[in-house]
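What follows draws every value from the coordinates through simple rules; no lab data is involved. Since the model is a prediction, treat every value here as computed from it, not as a measurement. Cβ: placed from backbone, ideal geometry, glycine included. Neighbour counts: every protein chain shown.
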Amino acid sequence: MINNVVVEGANQAQKHYIEGSLFYNSSNGNFSEQIKRNYFSLCFDRNIKSVQPYIYYNNFSQSYVLNLNVNTQESFKVKVGGLLSSNPISHLYLGTEYNYLHHYSWQLKTNIFLGRYYTSFMTGIRLDNSSHFPFYAEIEFNANKWRYYNLKTNFFDFSPLNYIVQNETNIQFNLGVPIGVKDKLVFNAGYGLVDDEYFNIKNTTIYDTADNTKFHHFASGLTRCLYSLNDFQFPTSGIFSKIQLQYIHGKEKFKPGNTSTISDSKEKIHGWMQFSFRHKQYFDITKNFAFGFNADVFYSFQNLFLNYNSTLLNAGVYAPTLETFTQFMPEYRANQYLAFGTENIFKVSFYRIDASFRLNGNLFAPISRIITKDNNIPTYSTEFFNKIYLIISSTLVFNTPIGPLSIIAGYHQRDDIKSNPFTISVNFGYVMFNRKNIDR
């Protein structure tokens, strides 16, 4: 049994941080087993370049000693990436990151997304403390902009007039504590501004002016998140489980355009609680087959915004596929919903490339659908669960050394018979966004 740890190769301040990381929660349960878990976490620390362990027996104490020769590093990283897609969602990603280890672990980070569909800028600072009460604290600023386009077909053919533009700017403070391996509890508080421009008709011209809704708001919440997936977008093993409670309070300001059914500018105060539970888990059944499932519960007490489109833009979103994640589909937006899905993954490897074929099905059940009549005023459907939507998607993925190449074909059940429910796209890279202030 290991009863002592000796750290070499670091200064006194860095030893304080490293020893705190190793001995975290070591008083509970088996000391050696806890040191083992914390050791593997230490090896993945962004400020640790290498760790060389050596175990020897101390005759004086009659116990084993773990000797760690640690090579720390101050690192400055530049990250370049992006996404190439047959849909109008391609973008370039540039990011920088500076890490410094002393009594605390510090990280300065910034990134920028540049694209027709999504542009964003983020900058932030994070502090990690590894004492008897480990925690991390961070402050982050995000400026996001999404431009939604009307797809005519599924390959490089879309309307050049974007009919929805969604801006979201926020500054957030996050305080997190570990509650297990890859498991954390996070308190969040932030101020944000949502600035939406949209038309009430799809066939717009350059002479039309958009409606505008601004929502100044404060959001605070508590989140428990467990994450052990082996890939961000196309995992084959691991768990993602997230439980969140948020409170939001703010003021909506509406200014009509020439396609609006509301003629005057209006304001409205909003304040609500919302709860969400999202769980995704994958199992390796055999070497070449894995099975996954996902379950979502979202319940918001949010009151309706002043018109139909602004209500949908500020509602919860169910987004298990690339299309629901990057397109504006009214059917998959609701303030209260249940959803469930399964995924069958067939895997093969050749020439150092891992490939998989993924077939998944999802059911989305809004508890109360957000609907409107011809006047564009939102209301809830009078019946609960009066419609359940089906999503079927198949994806062929090639994991190359520089990113995933995916070919995705899907069916998304739609209400509008003019909306094509079938989609197909070719994509190279990952789809990811910077943080929003209200997590839906």
Ranked by how many other beta carbons lie within 10 Å on average, peptides 219-231, 362-374, 342-354 from highest: 362-374, 219-231, 342-354
Rel. contact order, % - alpha carbon contacts under 8 angstrom, at least six apart, the chain: 9 percent
Set of lysines with alpha-carbon distance to Lys214 below 22 Å, sequence-local pairs under 8 removed: Lys145, Lys202, Lys251, Lys253, Lys255, Lys266, Lys268, Lys436
Straight-distance crosslink candidates among lysines, where the alpha carbon sits under 19 Å from Lys287 and sequence neighbours closer than 8 are dropped: Lys347
Kirkwood Rh (inverse of mean 1/r, distinct Cα pairs), the chain, angstrom: 24.4 Å
Sorted by Cβ density within 10 Å, fewest first, the residues Phe328, Phe305: Phe328, Phe305
Full-extension gain in nm, Leu359 to Gln52, via 0.36 nm per residue minus C-alpha separation: 106.2 nm
Over the chain: helical MRE at 222 nm, DSSP H runs n ≥ 4 each giving -39500 (n - 2.57), nearest 500: -2500 deg cm²/dmol
Inter-label distance, nm, simple model (7 Å from Cα along the C-beta direction), Phe340/Asp284: 2.8 nm
Which of Leu114, Leu83, Leu66 has the fewest Cβ neighbours within 10 Å, and the rest in rising order: Leu114, Leu66, Leu83
